[in-house]
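One structure is given here, and the rest of the page talks about it.
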Amino acid sequence: PSPRSFQPNGASEEALQCEIKALKQKDLALDQEIAQLLSEGYSLEELDKHISLLHEYNEIKDAGQMLLGKLAVIRGVTTKQLYPEYDLELSD
């Protein structure tokens, strides 16, 4: 088998190199953002805690959205129609 047969989804080496370059640029941008936050007085511990809390928030929000979706199906309405009943904003 040729080396190309081992590449995911038949991706070319050029496409993989472009993806690697994009990931390196993203890594550099994130490093710069972290350096900026550190220069503003944030600590790595604070940033880690904040990220952890954001993950927890997103998991809870996803669970809430799932429950609203199931309730909407049971009631035969849209999720959007349930928002006022639970004092939710569409941006929630």
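Return yes or no: is Tyr42 farther than 19 Å from Ser91 by Cα, open to solvent by 90 Å² or more (accessible area, probe 1.4 Å) and hydroxyl-bearing (Ser, Thr, Tyr)? Talk me through it step by step, then tell me what you get.
On the way: farther than 19 Å from Ser91 by Cα: yes; open to solvent by 90 Å² or more (accessible area, probe 1.4 Å): yes; hydroxyl-bearing (Ser, Thr, Tyr): yes.
Judged against the criteria, Tyr42 is a match.
Pairs only if they're at least six apart or on different chains, beta carbon under 7 angstrom, first in region 63-92 and open to solvent by 40 Å² or more (accessible area, probe 1.4 Å), second modelled with pLDDT under 90 and of a type outside the set (Lys, Arg); list them, first residue then second.
What qualifies is Lys80/Leu90.
Six or more apart or on different chains, Cβ atoms under 6 Å: show the pairs whose first residue is in region 11-37 and on the phi > 0 side of the Ramachandran plot and whose second is surrounded by 10 or more Cβ atoms within 10 Å (Cβ to Cβ) and assigned to a helix (DSSP H, G or I).
Listed by first residue and then by second, the contacts come to nothing, as the list is empty.
The values are calculated or read from the model by the stated rules, or taken from the named source; none is laboratory data. This structure is a prediction, so every number in the text was calculated from the model and none was measured. Quick reminder, even Gly has a Cβ in these numbers, built from the backbone with ideal geometry, and neighbours come from all protein chains shown. Note: areas computed on protein heavy atoms with side chains; ligands, DNA, RNA excluded. Shrake-Rupley method; radii C 1.70, N 1.55, O 1.52, S 1.80 Å.
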